[in-house]
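All remarks here apply to the structure that follows.
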Amino acid sequence: MNKQEAIDVLQERGYKMTKRRMDILDFFFREDKYYTAKDLYEFMESIYPGISFDTVYRNLHLYHDVGILESTDLQAEKHFRMNCGDHHHHHFICKACGKTEKLHICPMQEAEVLLRHFQIDGHKFEVYGLCPACQAAS
Ligand SMILES: [Zn+2]
Ligand SMILES: [Zn+2]
Ligand SMILES: [Zn+2]
(Lines give C-alpha, C1' and ligand atoms only; values in the text may rest on other atoms or scores of the structure.)
(Ligands and ions follow the chains in the order given, each with its own letter.)
Protein backbone atom coordinates (compact mmCIF):
# COMPACT_ATOMS: atom_id res chain seq x y z
CA MET A 1 0.00 0.00 0.00
CA ASN A 2 1.40 3.45 -0.86
CA LYS A 3 0.60 6.72 0.90
CA GLN A 4 -2.13 7.75 -1.56
CA GLU A 5 -3.87 4.37 -1.20
CA ALA A 6 -3.77 4.77 2.57
CA ILE A 7 -5.34 8.24 2.28
CA ASP A 8 -8.05 6.81 -0.01
CA VAL A 9 -8.85 4.07 2.51
CA LEU A 10 -9.36 6.65 5.26
CA GLN A 11 -11.39 9.05 3.13
CA GLU A 12 -13.62 6.28 1.76
CA ARG A 13 -14.53 5.55 5.37
CA GLY A 14 -15.27 9.19 6.08
CA TYR A 15 -12.13 10.10 8.05
CA LYS A 16 -10.83 13.60 7.42
CA MET A 17 -7.13 13.86 6.56
CA THR A 18 -5.89 16.20 9.24
CA LYS A 19 -2.24 17.21 9.41
CA ARG A 20 -1.88 14.96 12.42
CA ARG A 21 -3.18 11.93 10.51
CA MET A 22 -0.79 12.78 7.64
CA ASP A 23 2.12 12.96 10.07
CA ILE A 24 1.31 9.45 11.31
CA LEU A 25 1.30 8.17 7.72
CA ASP A 26 4.62 9.93 7.05
CA PHE A 27 6.09 8.24 10.10
CA PHE A 28 5.16 4.74 8.94
CA PHE A 29 6.01 5.27 5.30
CA ARG A 30 9.58 6.35 5.99
CA GLU A 31 11.00 2.86 6.28
CA ASP A 32 10.14 -0.82 5.87
CA LYS A 33 10.20 -1.59 9.54
CA TYR A 34 8.16 -2.30 12.65
CA TYR A 35 7.58 0.36 15.30
CA THR A 36 5.99 0.29 18.75
CA ALA A 37 3.20 2.64 19.88
CA LYS A 38 5.87 4.35 21.97
CA ASP A 39 8.05 5.02 18.89
CA LEU A 40 5.10 6.70 17.21
CA TYR A 41 4.23 8.64 20.35
CA GLU A 42 7.78 9.99 20.68
CA PHE A 43 7.71 11.11 17.05
CA MET A 44 4.32 12.80 17.46
CA GLU A 45 5.35 14.39 20.74
CA SER A 46 8.34 16.00 18.98
CA ILE A 47 5.92 17.74 16.56
CA TYR A 48 3.01 18.29 18.97
CA PRO A 49 4.43 18.83 22.46
CA GLY A 50 2.00 17.67 25.12
CA ILE A 51 -0.15 15.51 22.80
CA SER A 52 -1.80 12.73 24.79
CA PHE A 53 -0.77 9.12 24.41
CA ASP A 54 -4.46 8.20 24.07
CA THR A 55 -4.93 10.37 20.99
CA VAL A 56 -1.91 8.81 19.30
CA TYR A 57 -2.97 5.31 20.36
CA ARG A 58 -6.53 5.78 19.05
CA ASN A 59 -5.25 6.79 15.63
CA LEU A 60 -2.76 3.93 15.63
CA HIS A 61 -5.60 1.48 16.21
CA LEU A 62 -7.80 3.14 13.63
CA TYR A 63 -5.01 2.66 11.04
CA HIS A 64 -4.67 -0.94 12.10
CA ASP A 65 -8.44 -1.61 11.99
CA VAL A 66 -8.82 -0.24 8.45
CA GLY A 67 -5.85 -2.30 7.24
CA ILE A 68 -3.29 0.45 6.61
CA LEU A 69 -1.04 -1.05 9.27
CA GLU A 70 -0.26 -4.65 10.09
CA SER A 71 0.98 -5.79 13.49
CA THR A 72 3.01 -8.51 15.13
CA ASP A 73 4.25 -9.30 18.62
CA LEU A 74 8.01 -8.94 19.07
CA GLN A 75 9.59 -9.43 22.49
CA ALA A 76 6.06 -9.53 23.98
CA GLU A 77 5.22 -6.07 22.66
CA LYS A 78 2.91 -5.18 19.79
CA HIS A 79 4.72 -3.65 16.80
CA PHE A 80 3.18 -1.97 13.75
CA ARG A 81 4.27 -1.39 10.17
CA MET A 82 2.61 -0.20 7.00
CA ASN A 83 0.71 -2.95 5.26
CA CYS A 84 2.80 -3.93 2.25
CA GLY A 85 0.52 -6.76 1.18
CA ASP A 86 -0.63 -6.58 -2.42
CA HIS A 87 0.39 -10.14 -3.14
CA HIS A 88 1.04 -12.83 -0.57
CA HIS A 89 4.44 -12.77 1.12
CA HIS A 90 6.16 -13.06 4.48
CA HIS A 91 8.83 -11.11 6.37
CA PHE A 92 12.26 -11.39 7.86
CA ILE A 93 12.25 -9.03 10.89
CA CYS A 94 15.43 -7.69 12.50
CA LYS A 95 14.99 -8.06 16.25
CA ALA A 96 17.42 -5.19 16.93
CA CYS A 97 16.09 -2.41 14.68
CA GLY A 98 12.74 -3.75 13.44
CA LYS A 99 13.70 -3.51 9.76
CA THR A 100 11.92 -5.99 7.51
CA GLU A 101 12.75 -7.82 4.31
CA LYS A 102 10.14 -9.41 2.07
CA LEU A 103 10.27 -13.16 1.65
CA HIS A 104 8.63 -14.37 -1.52
CA ILE A 105 8.28 -17.93 -0.34
CA CYS A 106 5.43 -19.44 1.63
CA PRO A 107 5.70 -22.66 3.67
CA MET A 108 1.97 -23.32 3.24
CA GLN A 109 2.36 -25.34 0.06
CA GLU A 110 4.10 -28.02 2.10
CA ALA A 111 1.94 -27.55 5.20
CA GLU A 112 -1.28 -27.98 3.22
CA VAL A 113 -0.14 -31.41 2.09
CA LEU A 114 0.52 -32.44 5.69
CA LEU A 115 -2.83 -30.96 6.83
CA ARG A 116 -4.97 -32.19 3.97
CA HIS A 117 -7.71 -33.49 6.33
CA PHE A 118 -7.97 -30.14 8.12
CA GLN A 119 -9.78 -26.97 7.19
CA ILE A 120 -7.21 -24.14 7.17
CA ASP A 121 -8.36 -20.54 7.84
CA GLY A 122 -5.07 -18.68 7.85
CA HIS A 123 -1.42 -18.77 8.75
CA LYS A 124 1.44 -16.68 10.05
CA PHE A 125 5.11 -17.11 9.23
CA GLU A 126 7.91 -14.75 10.29
CA VAL A 127 11.68 -15.12 10.38
CA TYR A 128 13.66 -13.30 13.09
CA GLY A 129 17.32 -12.37 13.44
CA LEU A 130 19.76 -9.55 12.73
CA CYS A 131 19.92 -7.49 9.54
CA PRO A 132 23.37 -6.91 7.93
CA ALA A 133 23.71 -3.41 9.47
CA CYS A 134 22.93 -4.69 12.99
CA GLN A 135 25.31 -7.63 12.56
CA ALA A 136 28.07 -5.16 11.65
CA ALA A 137 27.25 -3.04 14.70
CA SER A 138 27.31 -5.89 17.22
ZN1 LIG B 1 5.34 -7.20 3.54
ZN1 LIG C 1 18.67 -4.40 12.11
ZN1 LIG D 1 2.14 -17.66 3.36
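The values are calculated or read from the model by the stated rules, or taken from the named source; none is laboratory data. Just so you know, these numbers come straight off a predicted model, no measurement behind them. Heads up: the accessible areas ignore ligands, DNA and RNA and are worked out on the full protein's heavy atoms, side chains in. Shrake-Rupley method; radii C 1.70, N 1.55, O 1.52, S 1.80 Å.
Hand me the tally of lysine pairs in the chain: alpha carbons under 16 angstrom apart, and the pair either on different chains or 8 or more positions apart. Number of lysine pairs found: 12.
Accessible surface for the chain, divided over its residues, is 63 Å² per residue with a 1.4 Å probe. Of all the options HIS79, HIS61, HIS104, the one that moves most in a Gaussian network model of the chain with Cα springs shorter than 10 angstrom is HIS104.
For the range 25-40, backbone phi angles converted through the Karplus equation (6.51, -1.76, 1.60; θ = phi - 60°) give residue-by-residue couplings of 4, 3, 4, 6, 8, 5, 8, 7, 8, 8, 10, 8, 4, 5, 4, 5 Hz, Gly and Pro being listed as x.
Based on Cα contacts under 8 Å between residues 6+ apart, the range 62-110 shows a relative contact order of 23 percent.
Summarising the amide proton neighbourhood of ALA96: residues at separation of 5 or more, or on other chains, whose placed amide H is nearer than 5 Å comprise CYS131. Ligands, DNA and RNA left out, the 1.4 Å accessible surface of the chain is 52% carbon and sulfur atoms.
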